[in-house]
Amino acid sequence: MNSPLDLLRARGVSRRDFMKLCAAVTAAMGLPAAMEPEVAKAVEAGIKKPAVIWLEGQDCAGCSESTIATLNPSAAEVVLDMLSLRYHETIMAGTGDVARKAFEDTVKEGKYVLVVEGSIPKENDKFCVIGGKPFRQHVEEAAKNAAVILAIGSCAAYGGIPGATPSKGVGVGEIVKDKPIINLPSCPVKPSRLIGTIVYYLTFKKAPELDNVGRPKAFYSNNIHENCPRRGQFESGHFLNDWNDPQQADWCLLLKGCKGPKTFADCGQVWWNDNVNYCINAGSPCAGCSQPEFYKEFSPLYKKQEMFSLPGVGQVNPDTVGKIVAGATAVGIAAHLGGSAVSGRLGNDHKSKEVSK
Ligand code: SF4
């Protein structure tokens, strides 16, 4: 059988590109640069093309799209060449009994990577029935012999948008209780996080370090607000309230429902679509799609947050936060709030606050 590197060469990926990918993955996972050769060795030699079962439940297939649609030669392609994708309802050629057999044979074989996309109706088996069986049962069956389980996208991780519908979709962790789940939330999944996690697993044969809601710390430790390009506007008390006013184009989006202060993810460090852009930089408030509270507790997305507390000031209404922040320096509260602390410590009563460290 061809080695993974042979397969990559056949696709025009040079050794140099391959090493660059390994370096990027090593850095993304927060590992020291000295680990790069080890990552490369494991990816190159240790791969017997592990089998993958990719299930889709209540989803829009956006996570599959996101993973497949990265640029050429894409990191996604590179990794997919290293995996044996045995079952994927959207992109596999086989259908019906043939597809079902591929699923069953892989489950029997065991030790595969299980990727789940989309949420799972927990209470009512009438929703999301595939091949005559509720999706919940497919997940339970596939989880049994899986070596590692990845819940990708907000829906599979915590329920996402379907969690706010009558189906009351939940994440994989609510269904599979006897195995650790690696959650990779966001809407859709960010390919660099998926690829980084798979390569980490292939290298070390274990899950990366996770936070208290099951997300790899390497990708979900940074607060969006702390790293926001509009943070200076926040500190100056400039809050956009009119989309059509060009003067407000780069102002803080807090009053338009930005969930940046409540959200932890690497969007500001590693931009989306192969580093092209990310929500806030493109003019959209952060929807908080990496948090367990997305979508139910964060909707409507463009509505301002109810209340915040500022250190040294206490509870403030978003309508008045501009005056308070802007006036803080004048009244000497800056000593309490202290430069970046104003932006970085927007307190809230949110459980996400405990997530990162
Ligand atoms: Fe940026 Fe949102 Fe924070 Fe404003 S509230 S500084 S837009 S993250």
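Placing dummy labels 7 Å off each Cα toward the beta-carbon, the span from ILE130 to GLU109 is 1.8 nm.
At a probe radius of 1.4 angstrom, the accessible area of region 155-248 per residue rounds to 41 square angstrom. Packing, taken as the mean count of other beta carbons within 10 Å per residue, orders the peptides 112-120, 276-284, 151-159 from highest to lowest as 151-159, 112-120, 276-284.
To put it simply, the accessible area of region 118-202 at a 1.4 Å probe is 55 percent carbon and sulfur. The solvent-accessible area of CYS60, taken with every protein chain present and a 1.4 Å probe, is close to 110 Å².
The values are calculated or read from the model by the stated rules, or taken from the named source; none is laboratory data. Everything quoted here is computed from the prediction, not taken from an experiment. So basically every Cβ, Gly included, is an ideal-geometry build from the backbone, and we count neighbours across all protein chains shown. What goes into the accessible areas is simple: the full protein's heavy atoms, side chains included, and nothing from ligands, DNA or RNA. Shrake-Rupley method; radii C 1.70, N 1.55, O 1.52, S 1.80 Å.
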